[in-house]
């Protein structure tokens, strides 16, 4: 039995002398485990090295991107495992479980370090085997990620196709309903206040639905890179005033103070941009600021010249700063994703201008797409999310002073 173990060690670690193999056996403990016994648990700090004498184990790893445990490989007689955690003094990188009755030689960390430091051939064989395993694991994970990415791309395209078709199909009947509601409003007796209120409710509801439908179409254009811009000289402060006028009733009802500071000199009276898209940009950002600012709060709009390498030098910075509920730091990376909802969804209402009013989660995605189409940069800054003690949010935009011949 002793000679058999020496032969096994020399086969596993070529170049290991018989004397070193005998010395190694003096530091090992031979144990037999029943099937389905966990010898190494991923994430746990364990200090044992294993060499399989007989039997079989399966090695699995939890894949974060797939949110499930994946099989890596089987190991059988002559294979070893558990070395990387001991070398790096780190938690186990995978889970090892017996698939049948299995006998192993076990070495604790202290003896393992002594053996490795005194056996260069054993250390070299271990490094070679470990590197081969790492390459195999990396290849498998790459294939998994590649397949997952391709599947997500197909799903995303199918979703965008559905959104575009649904939006087009909805827009026509909604426009018809809106038209008939306006006809009723014009032809019904003026003194019938109840009916007037009903037709106004229909028109307001249809207008809101059409706004969502148009936002969905804008998102599909952005995602399919079909958003085209027609740059002309634009005065940002005038675009901002136009968007503010759209929300004048809501701003008055919510008692929100608007502060405008336009620090643009004669050297940069305008920028080259698409006026329609710029209007949508201010509309979405001001709408977002109103929605998440409590009554009697304030919204500050600042435009000023800047010099920033991110927009190729001279350009314009736009800041829309509110005294609203803020954004959680962990949410910052996702706020410009389409359909993303921040905060407590249960607090949302159906109004687009009421405090914490609901929405499809497309506004910031559209704003981001418009800025990217203009070769600009957009980001948000906020201390934290707190509806009880609002900390506020600032959206920053950098736009280049581009001539039409350098626009996309």
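The values are calculated or read from the model by the stated rules, or taken from the named source; none is laboratory data. In this text the structure is predicted, and so the values were computed from the model without any measurement. Cβ placement follows ideal geometry from the backbone for every residue including glycine, while neighbour counts extend to all protein chains displayed.
A few points about this structure:
- Scope the stretch 215-243; condition within 30 Å of residue 184 (Cα to Cα) and either surrounded by 19 or more Cβ atoms within 10 Å (Cβ to Cβ) or at pLDDT 80 or above (or both); matching residues: 215, 216, 242, 243
- When the residues of the stretch 257-273 are filtered to those that are more than 14 Å from residue 246 (Cα to Cα) and at pLDDT 90 or above, the one that is surrounded by the most Cβ atoms within 10 Å (Cβ to Cβ) is 257.
- Residue count for the stretch 56-66, restricted to those that are in a strand (DSSP E or B) and free of Cβ contacts under 8 Å to residues at least 40 places away in the same chain: 3
- All positions within the stretch 89-112 that are surrounded by 15 or more Cβ atoms within 10 Å (Cβ to Cβ) and outside any strand (DSSP E or B): 92, 93, 94, 99, 109, 111, 112
Here is a yes/no grid of residues against (1) crowded, with 17+ Cβ neighbours inside 10 Å; (2) modelled with pLDDT of 75 or more:
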site	(1), (2)
166	no, no
198	no, yes
209	no, yes
213	yes, yes
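- Flag if residue 21 is out of contact with any strand residue (DSSP E or B) (no Cβ under 7 Å at 6 or more places or on another chain) and crowded, with 16+ Cβ neighbours inside 10 Å: yes
- Boolean, residue 190 is at pLDDT below 70, outside the structural domain of residue 277 (by TED's automatic domain parsing) and within 19 Å of residue 363 (Cα to Cα): no
- Top-ranked residue of the stretch 29-88 - restricted to ones that are at positive phi and buried (at least 17 other Cβ atoms within 10 Å of the Cβ), ranked as modelled with the lowest pLDDT: 82
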